[in-house]
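Undergrad: Before I ask anything, here is the structure I am working with.
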């Protein structure tokens, strides 16, 4: 499994690679300078586990890079790591399918914790003393899903309410479960109740 760091600045690619290795030492990280070479790079380098994407690339405009990746790889977690300010882009990115929005100016520990929330724990690592961090932010869509789970709605019901396909609902749930570190609706609801999220 491979993490793809998509950024046109070599120093930033190196910095993010270093932070990924702080989370998962030895994990394969592939640098990609432009979006138009991503597909061919994936073919050569292997299945993506996570995308780290800069919004401002030579061949993208606005959220076009995010939309392009989510259209081709809807089930792969994606974190925006950008110089753009959260106040300008975060809500739109999360709504468009990004799992996390991080500013490049953030403290490295903030970026590390964000990456840790999206990368599965290394099975070879000793995690007995490390409690999984509780996610502090959910996208608007993820909050809607939790409330609808609490109402007992089926995937079909949710799809109709949100005017999206059942497949898209399943993708949203997959992303939510991964975000929370759970494997089922029941576990997600228990997590939400335990953390007092059903008032969101």
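Undergrad: In degrees from 0 to 90, rounded to the nearest 10, what is the angle of the helix 86-95 Cα long axis to the longest principal axis of the chain?
TA: 60 degrees
Undergrad: A further question on this structure: Taking only DSSP H segments of four or more residues, each worth -39500 (n - 2.57), what value at 222 nm results for the chain once the sum is divided by all its residues, to the nearest 500 deg cm²/dmol? Intermediate values should be presented prior to the final figure.
TA: Values: 9 runs with 96 residues, N = 200.
The per-residue figure over the chain is -14500 deg cm²/dmol.
Undergrad: Could I ask something else about it? Can you tell me how segment 2-118 classifies by the Cα gyration tensor, rounded, prolate or oblate, using a/c under 1.5 as the rounded cut? Could you put the intermediate results ahead of the total?
TA: Numbers: a/c = 1.36, a/b = 1.03, b/c = 1.33.
Rounded, since a/c falls under 1.5.
Undergrad: State, to one decimal in nm, how far the label point of residue 11 lies from the label point of residue 47, with both points 7 Å from Cα in the Cβ direction.
TA: Simple spin-label model gives 3.7 nm for this pair.
Undergrad: How tilted is helix 185-194 with respect to the longest principal axis of the chain? Cα atoms for both, answer in degrees (0 to 90, nearest 10).
TA: 90 degrees
Undergrad: Oh, and also: Calculate how steeply helix 166-180 sits against the longest principal axis of the alpha-carbon atoms of the chain, using the helix alpha-carbon long axis, and give the answer as 0 to 90 degrees to the nearest 10.
TA: The two axes meet at around 80 degrees.
Undergrad: Using the alpha-carbon centroid of each, what span in Å lies between segment 18-91 and segment 150-200?
TA: Comparing the Cα centres of segment 18-91 and segment 150-200, I get a distance of 25 Å.
Computed from the coordinates by the stated procedures, all read-outs in this text should not be read as laboratory data. The structure presented is a predicted model; accordingly, all values stated were derived computationally and were not measured. So basically every Cβ, Gly included, is an ideal-geometry build from the backbone, and we count neighbours across all protein chains shown.
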